[in-house]
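Take a look at the following structure, please.
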Amino acid sequence: MPDVIVVGGGHNGLVAAATLRKAGRSVVLVEARERFGGVADLLFDGSTLSGEVAKTLGVAPDDRGDVVALGAGRTLTLNGSADDPGYATWQAWVTRVSTILASQLDQPAPDISKTAPVWPLAKTGLAVRKLGKKDMMELLRSAPSCVDDWLSEHMTDGLLKAALMAPALHGTWMGPRSPTSAASLVLRAAMQQATCSPRMLGEQLKTTAAGVGVEIVGGQAVQRIRVDEGRVTGVELANGDAIDASTVLSAVGPRKTLLDLLDPRMVPGKLAHQARVIRVRGTLAQLRLEVSGIDWPARRLRIVNDPMHLERAFDDVKFRRLPTVPPPLEVEVDGASVRVNCWSAPYELDGGWTEDARAALQDAMFDSLETALPGVRDAATVTELLTPADIEDQFGIDGGHPMHGELALDQLGPMRPSMQLSRYGTQIEGLWLGCSGVHPGGGISGRSGLLAAKAILGR
Amino acid sequence: MSTLGSTSNPYDAIIIGGGHNGLTCAAYLAKAGRKVLVLERRHIVGGAAVSESLYPGFTYSVCSYVVSLLRPWIMRDLELVKHGLKIVPLECSYTPQPDDIGLCRWPDPDKTRREIARLSPRDADIYPEFGRAVGRLSRFVKPFIDSPAPDPLSLNPKDLWQLLGMGKAFRELGDDLTALQFKLTTMSGVDFLREWFESDQLIAPMSCSGIIGTFLGVKSPGTAYVLLHHYMGEIDGSSRAWGFPVGGTGAISEAIASSARSFGAEIRCSAAVERVLIKNGKATGVVLQDGGDELHARQVVSGCEPRLTFNKFVGAEHLPSEFATQVNRYKCRGSSGKVNIALDRWVDFKHRPGDGMHVRGDIAIAPSTDYLERAYGDAKYGDFSKRPYINLVFPSLLDRGMAPPGKHVMSCFVQYAPYDLAEGPEHWPEKREAFGDAVVDTLAEYMPGLKDAILHRQVLTPWDLEQDFGLTEGNIFHGELGLEQLLFQRPVAGWARYKTPVRNLWLCGSGAHPGGGIMGAPGGLAAKEMLKAGAV
């Protein structure tokens, strides 16, 4: 009987498993798919692995070069040298502030519950005050505002603004005109500590975890987390096998864990309500292509015209419809294998993701590609199109939302995924949550898994 | 002795703008025995809280039209009831549907329950519980609007002590309410309500309160907060949300003005201020527009919007450059218009005819959340909403004096009408009537006989609100009520305590903490701060 069962071999599950094993616990990790890494397979642009995680696990950063923005008939390299006069000042501010905030992301969110001690809260307050009055003032003013207003105070170039803000809107269910989207950009900057290629990350982390002695079971879905008298007793697999353990760390999303993997009779009503109201409206669709004969300007591209282009694409999400404008895209090129992400495909599409809807989305994505890089349509063979519904099915994540919970102020920090669940533990003895649905969340950072493992070890 | 207002015999304070906040400030200062002069540009006091007769026999509350948060301490201190103020509660919140009887929410919980149960029995069960939870939060928030905002950036022990107290009160709410408060402050109205309710026909009208006066949609984060205000109303101490002042909103201003005069304040109308007199970094008085007369005072208080105050009356040359930058970043986007209509006769709503209790409150044209979001979409791209959100009140049903017998006044608050039209704000005059038509066309879908009954119509666009009432970009709250422009950041971080970087110049309008609506709080709090600081 292992000390801990980790449910889900996404990057956070793997990080947590390896961390626990290295601390001397016996660990079994169960992953439903044959391929490891979960959504790391889907995300690429701006995705990063936290410096601490990378160091602990020995994952080497991989320099993939500059990001290039294509749009409004122009090409712009995002390496800090764009000649918009306000850009450098803004960038310097973001760097200063995000460095201090990043230190807060490497520890559990402050506990704001009634019974929590005051001192750690005060310490967080003091850490943030280190920013100094002027930077803090700017942070408090800018964070609640919309990212379009904020960047427009500093810059005029629409393409530059759009390319900077686009990745910050991923997983937020917001557009550039949505208040608090500026906070997402600051958070995004704080997350960015080291770069590596997420596509290979899953297999790399699997090797690391196996190397330290984690027992890994692939291709087996956990069907139920067993609970007896309010305590975890183990898991049941889809093939009928059962594994006993008194500690289970679930890395497949708080909502799915609490609503699907537990016997509903074992979940107190209040806890079930907390899980039900977690917002997980996915908007990501991925087009996988084999392309030859195209001269790519960079390995990573953002195709977008200006902030209002992003806003119109968000309107499509809001009204649950297929693209009414050629959607903004992000592209990652790895030899002939090209992946294209569209972040404005609504999970809740009116009429559902039928064959016609899929064809229309693919067409719209090609229209966008073709405008930026003429000739792509003819040079490409489609290997796969993943809609949010496919992502939900294939990756087993609620709403097809790759962050297991929208990145909004009310679902971040001490509120991620709810005030009572933000410390990785749950009201069910022995059940822990450790994926990006819990603080600090976000893209590929591994922090949530690491912090969840530390929380278990701290017990 | 020389005339009051000369250099040798200055006023204690001159207040620029005779809106309800300017008047409130004046009344408090006069009550404390100070020599006060209020200067109002228009021929009538009240600013945006004004009643005027633009068609014989009919009275319009030209701009603001209902009252909810007028502070009880102001009512008491200034004896507003004695000075003629009478507020009648709104009896119902009615949301008609184009093809259905729609929803009425009544003061009587049982009646409301039956109405909501028609849409969703589950929602009907939860509705009272929701009210109780949000009501408890509003009691937590209320102290914020009744005292100056503490500054978390300050190292002043008083601020820190006040903050600590707030933090303590926050935790003492208990975990469930703390979480709820957190959500309420950051979520969109629709997302927040969806955690409780399932019926879109209920969520839509409830979410509207969060968009009034903002350039945001019901699905924009941060719009849930204003829901609280609906549970904060304090007419005569009852918790009823909204009321209608007999005589229109101008009656509030008249009562405050009458109170101010009774304490000895001097109020001059048709006296537009050209600029603030500044000598050696100190405000010493004002220069009037016509004739260039100079009036001197120990303190100058502006009830006008901050950007107007600092850019027009003061001038950037008298301001620290950082402050001037922040003032220009202060967001004032107007998003609403007003249409006032004189009706020859009562016009029925298609699915709930008659002039019964269901129309003696506010009526929201908000059939669905998608409808509201589409209305916002039009404005986002620089046009008025083809099918807008309308908040409708029939003042003549609540106060017979507003229109001749058998005839009616219809007050339509309309959103969205963006100040920044795609073709530029100066093109509003040529689009004004088209905007009015969109409003009437929308209403006619619910009130088929409307068009034939219209005797007169006044259409106010954001452009008009700026030109006629001095509201920068037509923003009805003197600056958007976004999180980044509230509390210690209203209007500029560190300058939320009514003081400004120009010595002896103060703010007392809705652009100061706690913000817009007919509350009187900025005016009252500014006066108290001035007296406490020994400035007057």
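What follows draws every value from the coordinates through simple rules; no lab data is involved. The shown structure was predicted, so the numbers you read here are calculated from the model rather than taken from an experiment. Note: ideal-geometry Cβ built from the backbone for every residue, glycine included; neighbour counts use all protein chains shown.
Expressed as a rounded percentage, what relative contact order does chain A have, with Cα pairs under 8 Å and six or more residues apart?
In percent, rounded to a whole number, it is 24.
Determine the distance separating the Cα centre of segment B:411-452 from the Cα centre of segment B:195-216; give it in Å without decimals.
22 Å
Please give the average number of partner chain Cβ atoms lying within 10 Å of the Cβ of each residue in B:183-196, rounded to a whole number.
4
Out of all DSSP beta bridges in chain B, what portion is antiparallel? Express it as a percent rounded to 5.
Taking every DSSP beta bridge with both residues in chain B, the antiparallel ones total about 70 percent.
Could you tell me what fraction of 2.2 N^0.38 Å the Cα radius of gyration of chain A comes to, as a two-decimal ratio?
0.95
Obtain the nm distance between the two label points defined at B:Asn280 and A:Gln223 by a simple spin-label model: each point lies 7 Å from its Cα along the Cα-to-C-beta direction.
Spacing of the two 7 Å Cα→Cβ label points: 8.8 nm.
Cα centroid distance between segment B:386-401 and segment A:316-356, in Å?
44 Å
Report the percentage of all Cα-Cα pairs in segment A:85-191 whose separation exceeds 25 Å, rounded to a whole percent.
24 percent
Cα centroid distance between segment A:203-277 and segment B:134-185, in Å?
Comparing the Cα centres of segment A:203-277 and segment B:134-185, I get a distance of 39 Å.
Using only alpha carbon pairs under 8 Å that are at least six residues apart, calculate the relative contact order of segment B:124-233 and give it in whole percent.
30 percent
Non-local amide H neighbours of B:Leu277 (under 5 Å, H modeled in plane, Pro and chain starts lacking H): which ones?
Hits under the 5 Å cutoff: B:Thr284, B:Gly285, B:Val286, B:Val287.
Per DSSP H run of n ≥ 4, the term is -39500 (n - 2.57); total these for chain B, divide by its residue number, and report the mean residue ellipticity at 222 nm rounded to 500 deg cm²/dmol.
-10000 deg cm²/dmol
What is the gain in length, in nm to one decimal, between A:Arg265 and A:Asp135 on full extension, counting 0.36 nm per residue of separation less the C-alpha to C-alpha distance?
The A:Arg265-A:Asp135 span can extend by a further 41.9 nm.
So if I average 1/r over every pair of distinct C-alpha atoms in segment B:91-152 and take the inverse, what Kirkwood radius in Å does that give?
About 13.9 Å, per the Kirkwood formula over Cα pairs.
Based on DSSP H runs of at least 4 residues, each adding -39500 (n - 2.57), what is the mean residue ellipticity at 222 nm of chain A after dividing by all its residues, to the nearest 500 deg cm²/dmol?
Theoretical 222 nm ellipticity from helices: -11000 deg cm²/dmol.
Now for a separate question. Taking the Cβ of A:Val333 as the centre, find all other residues whose Cβ is under 10 Å away and add up their charges (Lys, Arg: +1; Asp, Glu: -1).
The answer is +2.
Ok, one more. Take every Cα pair under 8 Å in segment A:285-395 that's 6+ residues apart, average their separations, divide by the length, and report that relative contact order as a whole percent.
It comes to 38 percent, rounded to a whole number.
Looking at chain B, I'd like the Rg to Rh ratio, where Rg is from alpha-carbon atoms and Rh is Kirkwood's inverse mean 1/r.
With Rg and the Kirkwood Rh in hand, the quotient comes to 0.96.
Return the distance in nm (one decimal) between the two label points of a simple spin-label model at B:Ser199 and B:Arg114, each offset 7 Å from Cα along Cα→Cβ.
Rounded to a tenth, the inter-label distance reads 1.4 nm.
At 4 °C and a viscosity of 1.567 mPa s, what translational diffusion coefficient does Stokes-Einstein give for segment A:175-234, taking Rh as the Kirkwood radius over Cα pairs? Give it in µm²/s as a whole number.
Result for D is 80 µm²/s.
How much net charge surrounds A:Asp390 when only other residues with a Cβ under 10 Å from its Cβ are counted (Lys, Arg +1; Asp, Glu -1)?
Charge balance near A:Asp390 sits at -2.
If you take every residue apart from A:Met419 with its C-beta less than 12 Å away from the C-beta of A:Met419, what net charge results, scoring Lys and Arg +1 and Asp and Glu -1?
So the environment of A:Met419 carries a net charge of +2.
Out of the DSSP beta bridges found with both residues in the protein assembly as shown, what percent are antiparallel (nearest 5)?
Roughly 70 percent of the beta bridges in the protein assembly as shown run antiparallel, per DSSP.
Please report the base-10 log of the normalised intensity I(q)/I(0) for segment B:124-233, using a Debye sum with one equal scatterer per alpha carbon and no solvent, at each q in 0.17 (1/Å).
Here log10 of I(q) over I(0) equals -0.85.
To continue, here is another question. How would B:Thr24, A:Thr257, A:Thr89, A:Thr124 line up from fewest to most surrounding beta-carbon atoms within 10 angstrom?
Taking fewest neighbouring Cβ atoms as first place, the list is A:Thr89, A:Thr124, A:Thr257, B:Thr24.
For the protein assembly as shown, treating each Cα as an identical point scatterer without solvent, what Debye log10 I(q)/I(0) comes out at q = 0.04, 0.09 1/Å?
For the protein assembly as shown, the Cα-only Debye profile gives -0.21, -1.02.
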